[in-house]
Amino acid sequence: SRAAAAASMACQIPPVNFGMVEEDLYRCGMPTQLNFPFLEKLRLRCIVCLLPDEIPQHFATWLDDQGTKCIHLGERMQMRSPWKPVPEDVILEGLNILLDPASYPLAVMCSLGRHQTGTLVGCLRKLQSWNLTSILEEYRRYAGTKHRPLNEQFIELFDVELVEIPK
């Protein structure tokens with residue numbers, strides 16, 4: 001019935017700053033319980049979490065219930081600071097996960113889906129040979145007025161030769 005379809009659609013609320021990077025690869029901010037029905041439709045196999053803090057308990061429980069693997073790279077980052085980009089080793093490990101087809105469908109997330117997520121996606125785009133203008137435009141689309149020049153510089157100077165491309 002139309003009412004049931006409408007009710008079903010009402011439950012489909014994506015997390016903040018949700019976006020599709022490419023087929024079966026998504027980006028977003030930390031989801032709330034309202035976002036779980038939407039995320040369930042994605043059938044995520046893996047989540048790369050760049051949240052510098054501990055993963056919220058309600059989200060950890062949901063991940064367990066879904067059988068979704070969570071790789072929490074953010075716990076290796078110290079306190080959040082606009083003056084420090086994501087550490088290079090965290091980006092390299094994140095890219096290794098993104099380059100592994102066995103991890104898909106996959107989502108990358110941080111607190112608001114802006115800075116840490118944007119830096120990792122920006123470095124992926126550089127690896128995909130996007131031009132810098134397009135990479136930074138995508139980063140700024142998610143970061144808005146809060147974009148961080150240090151993250152943009154990190155992306156610009158990121159050495160793609162450090163990434164091992166799987167054969």
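The values are calculated or read from the model by the stated rules, or taken from the named source; none is laboratory data. The model shown is predicted, which means the values in this text are computed figures rather than measured ones. Positions of Cβ are backbone-derived with ideal geometry, glycine not excepted, and every protein chain shown enters the neighbour counts. SASA here: full protein model, heavy atoms, side chains in, ligands and nucleic acids out. Shrake-Rupley method; radii C 1.70, N 1.55, O 1.52, S 1.80 Å.
Assorted remarks:
- Whole-Hz Karplus values for the stretch 36-42 come out as 4, x, 5, 5, 4, 5, 7 Hz, taken residue by residue from phi with 6.51 cos²θ - 1.76 cosθ + 1.60 and θ = phi - 60°; glycine and proline positions read x.
- In this calculation the C-beta distance from Leu34 to Gln57 is compared with R0 = 22 Å, giving a FRET efficiency of 0.85.
- Paramagnetic reach from Ser134 (point 7 Å along Cα→Cβ, amide N under 14 Å) across the stretch 92-126: 122-126
- Taking θ as phi - 60° and the Karplus parameters 6.51, -1.76 and 1.60, the scalar couplings of the stretch 15-27 work out to x, 4, 6, 5, x, 9, 7, 6, 3, 6, 10, 10, 9 Hz in sequence order, x denoting glycine and proline.
- Estimated vicinal HN-Hα couplings, Hz - the stretch 101-113 in sequence order (Karplus 6.51, -1.76, 1.60; Gly, Pro = x): x, 5, 7, 8, x, 9, 10, 10, 8, 9, 4, 10, x
- Alpha-carbon Debye profile of the stretch 72-167, log10 I(q)/I(0) at 0.17, 0.24 Å⁻¹: -0.71, -1.45
- Element breakdown for the chain at a 1.4 angstrom probe: carbon and sulfur atoms account for 54% of the accessible area.
- For Lys41, a cut-off of 15 angstrom between C-alpha atoms picks up these aspartates and glutamates, skipping any fewer than 8 places away in its own chain: Glu23, Asp24, Asp65.
- If the chain linking Leu162 and Arg45 were pulled fully straight, counting 0.36 nm for each residue of separation and taking away their Cα-Cα distance, it would gain 39.5 nm.
- Semi-axis lengths, largest first, of the ellipsoid equivalent to the chain are 27, 17, 16 Å, with √(5λ) applied to each eigenvalue of the Cα gyration tensor.
- Listed by chain and number, the lysines whose alpha-carbon sits under 26 Å from that of Lys167, ignoring those within fewer than 8 places in the same chain, are Lys69, Lys126.
- For the chain, the relative contact order comes to 25 percent (Cα pairs under 8 Å, sequence separation of at least 6).
- Packing rank of 133-141, 47-55, 22-30, where each peptide gets the mean count of other beta carbons within 10 Å, highest leading: 47-55, 22-30, 133-141
- For the stretch 68-167: accessible area per residue (Å², 1.4 Å): 54
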